[in-house]
Amino acid sequence: MVCLFGTTDVNLLSKSSKRRFAPPMADTKSPNDHPPFHVRQFTGKDYTSFFLAGSLCAMLSHVAMTPIDVVKTRIQIDPAFKSHSFLSGTRHVIATEGPRGLLTGFGPTAVGYLAQGGAKFAGYEYWKKTFVQIAGSQENAVANRTAIYLGAATVAEFFADILLTPLEATRIRLVSQRGYATGLVSGFTRLAREGGVRELYAGFLPILCKQIPYAIGQFTVNEFCHELVLRSTTEEQKKKIANSFTLKYSIQLGSGIIAGFAAAILSQPADTLLSQINKGHGPTGSMGHRLAVLAREAGFKGLFVGLGPRMIMTAGLVSSQFLMYGAIKDALGAPPGLEIHKEKK
């Protein structure tokens, strides 16, 4: 295999490692013998680089998309915006609140995704390696690569969302309730004072329902887009791509856009419910009951309100994140991640 892509560009067992771990006596090797399974181990410094790269790419991409997210959230939960398209909603925000209205929630977005992005990207690298080791062999890892991608994305996102949820609750409250607070510190403090930990984490279950499908779409679809390219190109073409900045990053961009569309569609219903929960809508009772009632009230069509703007935003988010993640890792001298693609026969 040729090293091509940012997070998926190292063989689990390279030819050199196969020779290194081969039995020393050729005449004693059985035809059924296999070389010991060797997976590259990452150091603490490597994971620090993964975390920093993930933090920066997630924070910068989400901050850049803040105006789109403001309009999307208003369309989802503000009755005054229900009849607006994305463009007319943007004009309405500017007309009623001024251009600064499009940056509502900037602070919680920056801090929240700084923490969440680092935990998610570094966690994905860690759990993918861990699940590959559990597979026990390169053949098993390749055969079960979908389960590895899904598992790594799910576990990494779960822990990342513990960091994100309180700040996301603050952001949505700032966006949905004009005048609630002046910024991150005052908004977070008021929410914590009035509702305590329970209110800060009121959206934890729906945010898991939103972010885990999002992460699955982001990482799994991106992995398979890269695999499709690898399996449809010759060795000569792979070398050309590896040596071409334009080709390599064009493939990363295209894969990221497709993964972004998938992430948006998979997570849209829970995103709508999360906005409703954080504004205080819905009945009292358990979170599962509240989500079920809100989902019935919204209906299938209502759960996908605002999908168009969100697909645009998410495609930009995911593609830019993968581009920045790879570039920042390179700048930090971090190693690439593990590749478990299936090659064409």
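The values are calculated or read from the model by the stated rules, or taken from the named source; none is laboratory data. Computed from a predicted structure; not experimentally measured. Neighbour counts run over all protein chains shown; Cβ positions are idealised from the backbone, glycine included. Side chains are part of the model used for accessible areas, which takes the heavy atoms of the whole protein and leaves out ligands, DNA and RNA. Shrake-Rupley method; radii C 1.70, N 1.55, O 1.52, S 1.80 Å.
Considering only the other residues whose Cβ falls under 14 Å of the Cβ of T66, what net charge follows from Lys and Arg at +1 and Asp and Glu at -1? Cβ neighbours under 14 Å give a net charge of +2.
Computed from backbone phi with θ = phi - 60° and the Karplus coefficients 6.51, -1.76 and 1.60, the 3J(HN,Hα) list for region 38-49 is 10, 10, 4, 9, 9, 8, x, 5, 4, 5, 5, 5 Hz; x is used for glycine and proline. Here the alpha carbons of the chain define both size measures, Rg and Dmax, at 22.3, 82 Å.
Does anyone have the angle between helix 204-231 and the longest principal axis of the chain? Alpha-carbon axes, 0 to 90°, nearest 10? Long axis of 204-231 versus the principal axis of the chain: about 40 degrees. Computed from backbone phi, the HN-Hα couplings of region 120-136 come to 6, 5, 5, x, 5, 4, 5, 6, 5, 4, 4, 5, 5, 5, 5, 4, x Hz, rounded to whole numbers (Karplus: 6.51 cos²θ - 1.76 cosθ + 1.60, θ = phi - 60°; Gly and Pro given as x). Backbone geometry of region 174-187 corresponds, through the Karplus equation with coefficients 6.51, -1.76 and 1.60 at θ = phi - 60°, to 3J(HN,Hα) couplings of 5, 6, 7, 10, 4, x, 5, 7, 8, x, 4, 5, 5, x Hz, x marking Gly and Pro. Judged by the mean number of other Cβ atoms found within 10 Å, the most tightly packed of the peptides 123-131, 74-82 leads the ranking 123-131, 74-82.
Based on protein heavy atoms only, the chain ends up with 45 Å² per residue of surface accessible to a 1.4 Å probe.
In this structure the amide hydrogen of E339, modeled in the peptide plane, comes within under 5 Å of the amide hydrogens of D9, V10, N11, L12, none closer than 5 places in sequence on its chain.
Order 194-203, 112-121 from most to least packed using the mean count of other Cβ atoms within 10 Å.
112-121, 194-203
Expressed as a whole percent, the accessible surface of region 63-103 that belongs to carbon and sulfur atoms is 67, based on a 1.4 Å probe.
Using the Cβ atoms and a cut-off under 14 Å, what net charge is assigned to the surroundings of L52, where Lys and Arg are +1 and Asp and Glu are -1? Display every interim value, and only then the final one.
On the way: positive: K45, K120, K329; negative: D46, E125, D330.
Overall, the nearby charge balance is 0.
Remark: spin-label model distance K45-T234 equals 4.1 nm, labels positioned 7 Å along the Cα→Cβ axis. Taking the helices alone, the chain has a mean residue ellipticity at 222 nm of -24500 deg cm²/dmol, built from -39,500 (n - 2.57) per DSSP H run of at least 4 residues and averaged over all its residues. The angle between the Cα long axis of helix 307-332 and the longest principal axis of the Cα atoms of the chain comes to about 50 degrees, rounded to the nearest 10. Close Lys pairs in region 44-332 (alpha-carbon distance under 19 Å; sequence gap of 8 or more, or different chains): 22.
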